[in-house]
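Everything on this sheet refers to the single structure shown next.
The values are calculated or read from the model by the stated rules, or taken from the named source; none is laboratory data. These numbers were taken from a predicted model, which means no experiment stands behind them. Backbone-built Cβ (ideal geometry, glycine too); neighbour counts: all protein chains shown. Each accessible area value is taken on the protein alone, full model and side chains, heavy atoms only, with ligands, DNA and RNA left out. Shrake-Rupley method; radii C 1.70, N 1.55, O 1.52, S 1.80 Å.
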Amino acid sequence: MEPPLVIYPTEEDYRRHYERFYCTAPVVTFDGISVRFSKGRFVHCFYESSKRNSIKDRFSRVRAERIDWIKATLQDPKAELYQGWDKGKSRYDPTWRVSVVYDSYVVVLQIRKEKDGISRAEFKTAYVADNSIDKIRKGPEWTPKK
């Protein structure tokens, strides 16, 4: 069952929510990875391109309303985990982890080196991958480095 949508009247309300619930302390995934969120990722995550040219210039209410799905996805032990696609190198990259739980909703992390026995990651983005979910699911599964 999907978490409820979060409804705020303004973009600034979503920004405050993101900073309060994600940027003040790491979120720990179901498998123990400590995920850091930077304030600067807000635009990348909650904006989209109005001209489909990779320039994120329009606030996306569809993305923003799913703000609480990020944590829910990261903490769900039933998440499907895939390697992310590195467009620049035209290959899958095992340091990029794409988590899928709610139909076509994805959360993308970049895994960093382990420190003090704790795996760490940086949050990159989250979105409804309705156009690309089939490609994601055809890619290699993500597994932790041994």
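Kindly indicate which of Ala64, Ala25 is within 27 Å of Trp142 (Cα to Cα), among the hydrophobic types (A, V, I, L, M, F, W, C), open to solvent by less than 70 Å² (accessible area, probe 1.4 Å) and more than 14 Å from the chain's Cα centre (by Cα). Lay out the reasoning, then the answer.
Numbers: Ala64 fails: more than 14 Å from the chain's Cα centre (by Cα).
Of Ala64, Ala25, the one residue that is within 27 Å of Trp142 (Cα to Cα), among the hydrophobic types (A, V, I, L, M, F, W, C), open to solvent by less than 70 Å² (accessible area, probe 1.4 Å) and more than 14 Å from the chain's Cα centre (by Cα) is Ala25.
Of the residues contained in region 129-145, none is found to be within 21 Å of Cys23 (Cβ to Cβ), in contact with a strand residue (DSSP E or B) (Cβ under 9 Å, 6 or more places away or on another chain), buried (at least 17 other Cβ atoms within 10 Å of the Cβ) and of a type outside the set (Gly, Ala, Ser). Only one entry in Arg16, Arg52 is open to solvent by 80 Å² or more (accessible area, probe 1.4 Å), free of Cβ contacts under 8 Å to residues at least 24 places away in the same chain and not in a loop (DSSP other than H, G, I, E, B), namely Arg16. Considering each residue of region 41-56 in turn, at least one proves to be under 16 Å from Glu122 (Cβ atoms) and among the aliphatic types (A, V, I, L, M).
The single condition from (1) under 13 Å from the mean Cα position of the chain (by Cα); (2) more than 27 Å from Asp134 (Cα to Cα); (3) surrounded by fewer than 19 Cβ atoms within 10 Å (Cβ to Cβ) that His44 fails is (2). Within region 83-134, the set of residues being touching a Lys or Arg at 6+ places or on another chain (Cβ under 9 Å) and in a loop (DSSP other than H, G, I, E, B) comprises Val101, Tyr102, Ala129. Give region 68-105 a look and list any residue that's touching a Pro at 6+ places or on another chain (Cβ under 9 Å), free of Cβ contacts under 8 Å to residues at least 60 places away in the same chain and surrounded by fewer than 20 Cβ atoms within 10 Å (Cβ to Cβ), or say none. Those that are touching a Pro at 6+ places or on another chain (Cβ under 9 Å), free of Cβ contacts under 8 Å to residues at least 60 places away in the same chain and surrounded by fewer than 20 Cβ atoms within 10 Å (Cβ to Cβ): Lys71, Gln83, Tyr92, Pro94.
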